[in-house]
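Heads up, the thing below is written out as structure tokens.
The values are calculated or read from the model by the stated rules, or taken from the named source; none is laboratory data. Remember, predicted model here, so these are calculated numbers, not experimental data. Note: areas computed on protein heavy atoms with side chains; ligands, DNA, RNA excluded. Shrake-Rupley method; radii C 1.70, N 1.55, O 1.52, S 1.80 Å.
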Amino acid sequence: MLDFFTIFSKGGLVLWCFQGVRGPAAAATAPVNALIRSVLLQERGGSNSFTHEALTLKYKLDNQFELVFVVGFQKILTLTYVDKLIDDVHKEFRDKYRNEFQQKGTLGLLNGTFDFKDDFLRLLREAEESSKVRAPTVMKTFEQSVKSQKTVKCMIETRGEKPKEKVKAKKNKGSKKEGAETVTASSKAAPGEKQPSSAGDREELTKDEILQKNREEFFKRHMKAGEKSSKSPKPDAQKEKGKKPRVWDLGNSNAKVLDYSDSTTNGNSEACPVEEFDPDVALGDRNREPGRLYDLEYESDEEAEEEKVIQNTSKPSTKKGGLGGMFGMLKGLVGSKSLTREDMDPVLEKMKDHLIAKNVAAEIAVQLCESVAKKLEGKVMGTFTTVTSTVKQALQEALVQILQPQRRVDVLRDVMDAQRHRRPYVVTFCGVNGVGKSTNLAKISFWLIENGFSVLIAACDTFRAGAVEQLRTHTRRLNALHPPESHGGRTMVQLYEKGYGKDAAGIAMEAISYARNQGFDVVLVDTAGRMQDNAPLMTALAKLIAVNAPDLVLFVGEALVGNEAVDQLVKFNKALADHSMAQTPRLIDGIVLTKFDTIDDKVGAAISMTYITSKPIVFVGTGQTYCDLRSLNAKAVVAALMKA
């Protein structure tokens, strides 16, 4: 049983609606609005199905008249006739009101009256009847079977006879074996000509002749061995056995210089010299504006591409005559006709391969191309518009829309809002091993300090050796770059740590309490790296997030991954949902994309991550210095992605 069926324009005007269950008219509004926000506006039309709470929605787009057909029914029901119904309604509605759409256009939608209830109920009855269980088919009689057409003679097999096909096959096999035997026999006979053919020939020779012949053969063999040894003479100086340690040009062979085991300095912080480093190396560009998060930049080659297009279009006109050049230019153009799937399939296949080559996950690339095909199918093209340019333009728009998700995370605004409520703003970093969580946490700390916020770093990675020391080094460097004297005697960054082997959730809770008491603005919680399949570690992470309720949960992923990005994010979100005790579990809020400077134009991981989670990329790590932090520029990423 259907809950509702509605037809509306892409401009948002409802043309006709059917409600199958009693209740308020707004019951169909919330699911349809969710479909528009999450699928249609976000260019995620790869699948024609969408789930909202207890309802399943199926939809179909009419790109020629800019219409959307949506049907909703309970998720627990299995209605096999829904696809047929939505296709039949689409065809019937188009055919019935085609003239009104073509003649009046938008005014026809505004002023038109669509009396479609009787037609819809008829189509619904037909679809339901077609899906009913059919009566079992009657078993065929012997006369109707194929066996009855065979004669008795062809079914009788006498002993010793074999089917013709098998005999032929065996004959072929036998012929192959005979051929192989003849080849081997001939190959053996060839070298036998040089040697004595048989023992009978040897008996004809005398003993002295046999001895003489054997001596000649021996000398011939000895001479051949001498020639081979002269071709590859051994070096006079043989290499000494055993390995020698390699001595580097800039190294030091004295082991005493590398000995740091002196008990007077090892582990004694007072005896250790103060770390000296160049601020230019730590900061990078000195001409930048302090506290500003620059957009990601990409230099596109649009001008070079335009020049190539001009050159390519001028070549056929010089080689051929006027008519030939004109027909060459018009080749591949679609003249005022609606696009079909057959027209787009070759272009979409190339686009899919191009996206996969740019590191987009294969599953995401297929869904993107499917979404573009549904968006363009049936759309009427202009006279001088190629299919390739149309598909490429639609794909670019879809990619930009995907990289600009529904919710935009503004960290500075949220921190100031937390300040007004006199509480610290808590950010938790999670991700797999080795993606750069601690390094990018230090970059974000530096950016927050330059915007005038004090930061407390909670060292909750109590598993990896050296994790606390790494954060301690970053804290020391950040305090050297922003000393308390420059901020009215206030320490801008501190490290809260309890060593190794402790409960991470407890350390985070103590750090947040300490930050509230000491008046810190932001708490950055560093967690241990963990694989998405490790259930105990994922349970511990879900516990940390559930107990401390951070304001922002950031997933740190590297830009080098392809299909693995989808697996990581899906399983991280699933693990957080499964291991959380709350009724509405806390999931990932945003993404930090690291190592972006190592991938050139293979930026597909950004598309895969945002597509699978619908979460924004908040920060992009682009280097090794504290200033190498950027915000995502969707157009720059898409330009790099579409570059040939």
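For Met509, Met351, Met344, Met1, the ranking by accessible surface with the largest value first comes to Met1, Met509, Met351, Met344, using a 1.4 Å probe. Residues whose amide H comes within less than 5 Å of that of Leu55, counting only those at least five positions distant or on another chain, are Lys75 (H built at 1.01 Å from N in the peptide plane).
Overall, the accessible surface of region 1-57 at a probe of 1.4 angstrom is composed of carbon and sulfur to the extent of 58 percent. Residues whose amide H falls under 5 Å from that of Ser454, counting only those 5 or more places apart or on a different chain, are Asp521, Val522, with hydrogens built in the peptide plane.
For region 549-554, putting each phi into the Karplus relation 6.51 cos²θ - 1.76 cosθ + 1.60 with θ = phi - 60° gives couplings of 6, x, 6, 9, 10, 10 Hz, in residue order, rounded to whole numbers and with x for Gly and Pro.
Calculated from the alpha-carbon coordinates, region 376-477 shows an Rg and a Dmax of 22.3, 66 Å respectively. The residues of region 520-644 expose, per residue, 35 Å² of accessible area to a 1.4 Å probe. Note on region 345-385: with neighbouring protein chains present and a 1.4 Å probe, carbon and sulfur make up 58 percent of its accessible heavy-atom surface. Working note: Karplus 6.51/-1.76/1.60 with θ = phi - 60° gives region 81-88 the couplings 8, 5, 4, 5, 5, 5, 5, 5 Hz, where Gly and Pro are set to x.
If you take every DSSP beta bridge fully contained in region 526-644, what fraction is antiparallel? Give it as a percent rounded to 5.
Rounded to the nearest five, the antiparallel share is 20 percent.
My understanding is that a pair violates if its Cα-Cα distance is over 21 Å; which of Lys91/Lys374; Lys574/Lys602; Lys10/Lys96; Lys350/Lys375; Lys58/Lys375; Lys392/Lys602 do that in this structure? Before the final figure, lay out the partial values.
Details: Lys91/Lys374 16 Å; Lys574/Lys602 27 Å; Lys10/Lys96 19 Å; Lys350/Lys375 18 Å; Lys58/Lys375 15 Å; Lys392/Lys602 18 Å.
Where the Cα-Cα span goes over 21 Å, the pairs concerned are Lys574/Lys602.
The H on the amide N of Cys460, modeled in the peptide plane, is under 5 Å from the matching H of Asp526, each at least 5 residues off or on a different chain. In order along region 53-69, the Karplus-derived 3J(HN,Hα) couplings, from 6.51 cos²θ - 1.76 cosθ + 1.60 at θ = phi - 60°, round to 6, 8, 10, 10, 10, 10, 9, 9, 9, 10, 7, 6, 9, 6, 10, 10, 10 Hz, and Gly and Pro are given as x.
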